[in-house]
Amino acid sequence: MTPYQRAWGALLALAVTAGGTACARTDDTSARQNAAHDIAAHATAAHVLAAHATAAHAIAAHATTDHPRLRALLHRLTTKDGGPGALVSLRDQSGGTVLTSGVADVESRAPVRGDSRFRIGSMTKPFVATVVLQLVGEGRVALDVPVERYLPGVVRGHGNDGRRITVRQLLQHTSGIPDYLDDLKLEDVLGDPLAHHDTRDLVNLALAHRPTFEPGTGWSYSSTGYLLAGLLIERVTGHPYGDEIRRRVITPLGLRRTSVPGDSPKIGGPHPRGYARPGKDAPLKDFTAINPTLAGPSGSMISSGADFNRFLGALLGGKLLRPAELHQMMRTRPTGSPDGGAYGLGLESHPLPCGGLAWGHDGGILGYQTTGAATVDGRRATVMVNVYPGETAAQDNDLTSAVRTALCEGREELAK
C-alpha cells in the first residue's frame, strides 16, 4: 500500500490518543509499500455476481471451478481478514467478470453488488495525471518547467519553492514537498467528516514544514503534489479539475459510474457502506458520508470496478494520451518497495509473478480500501474492501494478492 493509505491509518490511530469521535489504530507497517506484495490467502461466505449491471444482488457462493484462487482470497478478506465485504472486477480480451463476497451493510446484511460504486481514494491520481499530460500534449503545460510558471507564488515557505520544483516532480513524488495528510487537525477531520476543506488551505498545511529533500533528489509519496496538480489544471484551463476530468476522461469513455463529487458526501447508485475500525476489537464505524474535499484532486473520486478497469484499458491502450505523453507517464523511478515497485506520473508499476508488469494505483480513504492494475496486453483487475482504516495487515496483503492473482490467472503458476 502507498503512504497515502498509511497516512489515513495514522490519522485515525492518533485520534485514539486525542479523544476523537472516530478513530482507528494503524496496524500497517506494510501500508507504505505499493500495490503488489507477495501475499497469503484469506476468508468469508462468498457471493458471486454476473458482470451485468442489471444483476441485483450477490448470491450465496457454492463450490465452483472458475477463479478458485480469487474466490478463496475474497472469502478470506471477508472472514479471517475482518472485512465486511469485498469485490473484484476482472476484464480481458474475452470479457468481464465480477466476484463478490460478504456484506455491503453490517446491519441489514445486504450482500455486495457487482455493480457497486465506491470511493477510490488515491486511484484518483491517474485521472489527474492524465489530464495534466493531455495539457502537455496540447502545448499548454511543460513537464520540466517550474511549477511557478503556472502557480505563481503558491509554493512558498520553509524552504519550499515552486521556482525550483517542476511539474514532473509533483506528479512523480520527487518534489520533496511534505504530505499534507501528516498534518491534518484530527478534530476537524474526525469530529466533522462533512466539513469543507479548501485545497489551498490543505497545501499550506504541508508548506508549513521544511521539504523532505531537495527537489529531484529523492522519492517520497506526497498527496500535496496532486493538490497542486489540481490547482494547475484549474489555472491553465479556467475550469475546476473535476470538470476537466469529466470532459476529457469520464464522458468520452462512457464511465457512467465514475464521478468527481466535489463537496457532495453522497455516493450515488448502489454502493456498500464504508467503515473504519476504531480499535483492534472495536466495532466498525460508518464513514460512508464524508466531504471528499478532504482529499480533493489527490483522492476524492468515486468509481466502480468495471469503470476503473475500462479507464486503465483505455489509458494503457493509447486512447487517452498520445504515445509521447504515455511514454512520459510510464517512465518510472524506483520507490524502494521490496517487490521492485516503481512510480511514473500518476501510475505505478510492479513485477508480476507470471512475468511482465502490473500498471495501476491503489487507494485508501475513510470507508474503502482499493487497488486496480492492468497489463499492456489488456488484462485488468480492480479490488475493493469496505473497511479502511483499521484494516488488518492480512487485508492489506490479500487485497493486493487478489490483483496479482487476477492478472496471472491462466498463465504461469503463481509464485508460492
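Sequence-distant contacts, meaning Cα pairs under 8 Å at least 6 residues apart, place the relative contact order of segment 308-359 at 20 percent.
Computed with a 1.4 Å probe over protein heavy atoms only, the accessible surface of segment 326-416 comes to 28 Å² per residue.
Take the alpha carbon gyration tensor of segment 199-298, find the square roots of its eigenvalues, order them as a ≥ b ≥ c, and report rounded if a/c is under 1.5; if not, report prolate when a/b exceeds b/c, else oblate. Oblate, because a/c is 1.5 or more while a/b does not exceed b/c.
Entry comment: accessible area of segment 207-296 is 42 Å² per residue, from protein heavy atoms only and a probe of 1.4 Å.
Fully extending the segment from ARG331 to THR79 would add 86.8 nm, taking 0.36 nm per residue of separation and subtracting the current Cα-Cα distance. In terms of its alpha-carbon gyration tensor, segment 98-241 comes out prolate; a/c meets the 1.5 threshold, and the first ratio a/b outweighs b/c. Loop-resident trypsin sites (Lys or Arg not before Pro) (DSSP state other than H, G, I, E or B) in segment 97-181 with no more than 14 further Cβ atoms inside 10 Å of their Cβ: ARG109, ARG140, ARG163.
Between amide H atoms placed 1.01 Å from N, distances below 5 Å from SER223 occur with TYR180, LEU181, all of them 5 or more places distant or on a separate chain.
Loop-located trypsin sites (Lys or Arg not before Pro) across segment 275-316 with a Cβ neighbour count of 14 or fewer within 10 Å are LYS280, with loop assigned by DSSP.
In the assembled protein chains, ASP201 presents an accessible area of approximately 90 Å² (probe radius 1.4 Å). Judged by the ratio a/c of the largest to the smallest principal axis of the C-alpha gyration tensor, segment 225-369 counts as oblate, that ratio being 1.5 or greater while a/b is no larger than b/c.
Loop-located GluC sites (Glu not before Pro) across segment 331-413 with a Cβ neighbour count of 11 or fewer within 10 Å are GLU412, GLU413, with loop assigned by DSSP.
How many angstrom lie between the Cα centre of segment 278-306 and the Cα centre of segment 123-157? Taking the Cα centre of segment 123-157 as reference, the centre of segment 278-306 is 26 Å away.
Solvent-accessible area assigned to carbon and sulfur over segment 78-160 amounts to 45 percent, based on a 1.4 Å probe. Listed by chain and number, the lysines placed with their C-alpha closer than 18 angstrom to that of LYS80 are LYS280; residues fewer than eight positions away on the same chain are left out.
The values are calculated or read from the model by the stated rules, or taken from the named source; none is laboratory data. Here the structure is a predicted model, which means the values were calculated and not measured. All Cβ positions, even for glycine, are placed from backbone atoms using ideal geometry, and neighbour counts span all protein chains on display. Ligands, DNA and RNA are stripped out before the accessible areas are found, and what is left, the full protein with its side chains, is counted by its heavy atoms. Shrake-Rupley method; radii C 1.70, N 1.55, O 1.52, S 1.80 Å.
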